[in-house]
Structures are given as structure tokens and as C-alpha cells.
Amino acid sequence: MSGHKLLLPGLNLWTSGRSRWMKRLHDGINGKASFSSCNPKVCIVGSGPAGFYTAQHLIKARQDVEVDIYERLPVPFGLVRFGVAPDHPEVKNVINTFTQTAKHSRCSFYGNVNVGKDVSVEELQQAYHAVVLSYGAEGNRSMGVPGEDLAGVYSAKDFVGWYNGLPSCQELRPDLSCETAVILGQGNVALDVARILLSPIDILKKTDITQPAVEALAESQIRRVLIVGRRGPIQVACTIKELREMVNLPDTRPEMLAADFEGVAEAIKDLPRPRKRLTELLLKTALDIPEEKEQERRNKASRIWAFRFFRSPVEILANPDNNRTAGIRLAVNRLEGSGEGARAVLTGEVEDVTCGLVISSIGYRSLPIDPSVPFDSHKAIVPNSMGRIQQAAGVKAVIFSDWEKIDSVEMSRGEAIGKPREKLLSVEEMLQVARK
């Protein structure tokens with residue numbers, strides 16, 4: 001089961017609330033017939049993929065289990081809605097399956113309920129036989145370098161949230177007036193960001209990317225994106241699908257450093273098949289002379305992308321007024337060891353890259369959800385053994401039929417401008433539509 005389970009302790013009673021979800025919680029604590037009399041009751045905190053897959057598994061595994069899904073936002077689906085790239089609509093098809101789960105007779109969705117604020121985890125433990133924490137990692141991992149607080153430096157989580165319509169990221173308004181952007185990290189999210197920055201606007205207009213992002217990207221002056229990693233080509237963290245998309249992205253061409261690929265061709269034969277195929281494509285893209293048609297396409301390209309390997313951020317460099325990003329200083333690394341276990345070691349060399357936008361895609365950190373839940377701040381995890389954790393009034397939940405009102409409005413707005421969806425961008429607007 002995904003997430004972390006909390007055992008049900010016998011604790012204090014909950015004061016009755018007025019809304020449907022609070023009545024259900026109150027009745028559960030008091031043993032009333034809100035649920036079928038002896039049925040196991042499970043609460044899932046978080047309505048992203050892990051939450052819905054957990055609910056789906058529970059409902060299929062037992063014919064008597066009843067599941068409630070609690071979500072802080074008025075809308076469900078978590079990273080499927082707010083994390084998947086707009087130009088990957090096929091990945092979002094899983095929403096159809098999640099919708100079937102949400103509409104199951106033994107499953108209820110309660111949006112606009114902030115666990116840890118509107119209701120405590122202790123109160124959930126009293127009302128349910130098990131509580132599954134599936135709320136994800138909402139914090140940004142710090143780079144730990146001088147200048148990372150300058151204007152023009154963003155986390156990939158926030159940047160993705162901006163163009164995907166996450167309400168908390170709508171004030172981001174990134175300045176895209178520079179020529180070069182640097183992305184730190186070489187995973188799929190880093191490639192998603194690079195692709196969105198460089199995609200022709202006519203492609204993006206046909207996706208569910210938010211209209212403010214479309215307008216900002218239409219005016220973008222970014223023509224070069226560097227995707228930086230501390231290790232080498234053999235350790236790159238993206239998958240072959242995302243790499244192919246970069247290679248085939250219209251109006252772009254790759255520009256790699258041949259020195260970054262020394263010894264890679266000889267090492268390929270010993271790699272596992274998936275890693276071998278990925279590395280072969282990377283090597284071909286970087287060093288092979290393309291066929292005539294491909295060379296012609298590249299010659300006409302107005303935008304450039306490139307991996308930069310063996311580099312780590314040392315400092316974000318400020319402009320003369322010391323108020324925004326003007327560049328980044330990168331340490332040059334060498335590798336100790338080989339394969340997946342190779343470790344980046346500083347050589348003492350540094351190089352400066354002029355850029356006006358730095359996006360950090362080096363991972364996320366979980367945050368504590370509630371004082372009653374133990375949390376290891378150093379590891380940024382809820383301590384657990386095999387997934388098991390050792391041991392407010394006036395809130396109106398958004399149920400799934402309310403979400404369907406939001407969904408209908410978003411689809412209609414998108415259809416009017418030739419897009420699959422135009423997302424509502426604030427919690428207030430979502431709630432206004434949900435409660436009509």
C-alpha cells in the first residue's frame with residue numbers, strides 16, 4: 001500500500017461539525033452508522049496518484065472496505081493535474097480511472113479539507129481504522145549556494161506549478177526576457193521544463209497549459225537552455241522517451257561538448273539494456289554527423305538546448321545592482337568509480353555561464369503535516385517501518401460532484417479557445433464554481 005499507515009488509537013471525542021465530511025468524521029469517532037456497522041474505514045490524505053491507487057487497491061482487495069480521500073485543494077488528482085507536462089496528455093488519461101474510483105459507492109472524495117489545519121491527524125485516527133498519508137513532497141530542496149534567493153532563480157516544482165495552474169504558484173510570473181536559461185538537474189522534470197521553454201508556441205496553445213503561461217512564453221526571449229548535471233552521460237537521470245522528445249523538438253538543435261563524452265563509447269557495452277539504449281541515443285545526438293535532412297533542420301533552428309555534464313552549482317551571480325540573476329558559477333567535477341555508483345568529485349576548476357534564469361530541478365522535500373505525526377527533519381521523511389508509522393469547524397468540503405462542476409467549466413473554457421482545458425487558477429474561483 002502506498003503512503004504511511006497510522007494505527008487507530010482510542011482517543012478523545014470530536015466536537016460535531018456542520019458540513020458533510022465533519023458529520024462523517026464525528027459519526028465515525030462515535031461509532032454511529034455513518035459507515036456500514038462493521039466495515040473497515042480507511043482515510044487517505046492526499047488525492048494524487050498514490051492516494052487514488054491506494055483507494056483503488058483497497059476497494060478491489062476487500063468488498064467491505066470504505067475509503068474517504070481528503071484533499072487540501074478543491075480539485076483532485078495532484079501531480080497528474082499539476083505536475084504532468086501539458087504536452088503529455090496521454091499520461092493524464094489515468095484521470096479516467098481515478099474518476100471511476102472516486103465515484104465508487106464505497107469511496108468518497110472531500111476536497112478543500114486541509115489535514116493538519118482543518119482536522120488533525122489524531123482526530124482522523126479516532127474516526128478511522130487506518131489513516132494513509134499520501135500527501136507528497138511539497139518542499140523544495142535547497143541548492144545551498146550563495147545567490148539562490150535572487151530574482152530569476154526558481155525551483156522546478158514552482159515553475160511547473162506556474163504553467164500547470166497550481167494556485168499557490170500563480171504569483172510566480174517568471175521573467176523570460178533573457179537569452180539563456182540554466183536548469184540544474186537532468187531528470188525528466190528538468191527535460192519537461194526545457195521542452196516547455198523551447199517549444200513553439202503553436203504547439204503549446206493546443207495543450208491545457210494555462211493562458212498566462214502561454215502569453216508569457218509567447219513573449220519569451222529565451223533561445224538557449226543548458227541542462228546541467230554533476231555526473232556524466234552514463235548517469236543521466238532522464239528516460240529515453242523524454243530525450244527523444246528533446247532531440248525531435250521543432251526549431252531546436254543540440255549543442256554538446258565533445259569532451260563530456262570521452263570514454264563513453266567504450267563503456268556502453270557493459271551497460272544494462274535500458275541504460276545502454278539511452279546512452280547510445282545521447283552519444284549519437286552529441287557526436288554523430290546527422291543525415292542531410294536532419295542537418296538542414298538543425299541549421300534552420302533558432303533555439304538551442306544542451307546537456308552540460310560534470311558540473312555543480314557554486315554560486316548564482318548577481319547583476320551590478322545585486323538584485324537579480326546575471327549568471328551562474330559552476331564547479332567542474334570528475335568521477336570516482338563507475339556506473340550508477342560513480343561519485344562526483346570537485347577538481348578545483350570553475351566556469352561562469354551568463355544567464356538570466358536558473359531553475360533548480362534537484363528534487364523535493366517532504367514537510368511535516370501535523371504535530372502528532374513524527375517527522376525526521378534531517379531526512380525529510382515520516383519515520384516508518386515498512387510503511388507503518390510508530391507511534392475545524394466551518395470548513396465545507398468539495399465532494400467529487402462539486403469537482404465535476406469545476407471540470408465542466410474548465411473544459412468549456414478550453415473548448416472556446418481551441419484547447420482541451422483552461423484551468424481555474426485560484427482556490428477562490430474553484431470554490432465559487434463548485435458551490436453554484
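To make sure I understand the rule: partners must be aspartates and glutamates, Cα under 19 Å from the Cα of residue 41, and not fewer than 8 residues away in the same chain. Which ones qualify? Hits, sequence-local ones excluded: 27, 64, 66, 68, 71, 122, 123. For a straight C-alpha distance cut-off of 23 angstrom, the lysines reachable from residue 379 (same-chain residues fewer than eight places away being disregarded) are 5, 157. For the chain, the dipole from Cβ point charges (+1 on Lys and Arg, -1 on Asp and Glu) about the Cα centre works out to 1260 debye, to the nearest 20.
What order do you get for 417-424, 324-331 when each peptide is scored by the mean count of other beta carbon atoms within 10 Å, highest first? Could the numbers behind the result be given before it?
Working: 417-424: 18.0, 324-331: 20.5.
Listed from highest to lowest mean packing, they are 324-331, 417-424.
For residue 398, the residues 5 or more places off, or on other chains, whose built amide H falls under 5 Å of its own are 111, 112, 113.
Ranked by the mean number of other Cβ atoms within 10 Å of their residues, highest first, the peptides 405-416, 225-236, 130-141 fall in the order 225-236, 130-141, 405-416. Once backbone amide H atoms are built at 1.01 Å from N, residue 350 has 332 as its partners under 5 Å, excluding neighbours fewer than 5 places away on the same chain. Entry note, the chain: the mean residue ellipticity at 222 nm calculated from DSSP H runs of n ≥ 4, each adding -39500 (n - 2.57), is -9000 deg cm²/dmol after division by the residues and rounding to the nearest 500. For residue 315, the residues whose amide H sits under 5 Å from its own are 329, ignoring neighbours fewer than 5 places away on the same chain, with H placed 1.01 Å from N.
Each residue of region 416-423 was assigned a 3J(HN,Hα) from its phi angle through the Karplus expression (A = 6.51, B = -1.76, C = 1.60, θ = phi - 60°), giving 5, 10, x, 10, x, 6, 10, 6 Hz with x at Gly and Pro. For the chain, pairs of C-alpha atoms spaced more than 31 angstrom apart make up 48 percent of the total.
State the extension gain, in nm to one decimal, for the chain segment bounded by residue 267 and residue 202, taking 0.36 nm per residue of separation less the distance between their alpha-carbons.
Using 0.36 nm per residue and subtracting the Cα-Cα distance, I get 19.4 nm.
Can you give the charge dipole size of region 77-126 about its Cα centre, rounded to the nearest 20 debye, using +1 on the beta carbon of Lys and Arg and -1 on the beta carbon of Asp and Glu? Don't skip to the answer; put the middle values down first.
On the way: 5 positive and 5 negative charges, 38 e Å.
For region 77-126, the charge dipole is close to 180 debye.
Since every read-out is calculated from the coordinates, none of them should be taken as a lab result. Note that the coordinates shown come from a computational prediction; the quantities given were computed from them, not determined experimentally. Cβ sites come from the backbone with ideal geometry, for glycine too, and all protein chains shown count toward neighbours.
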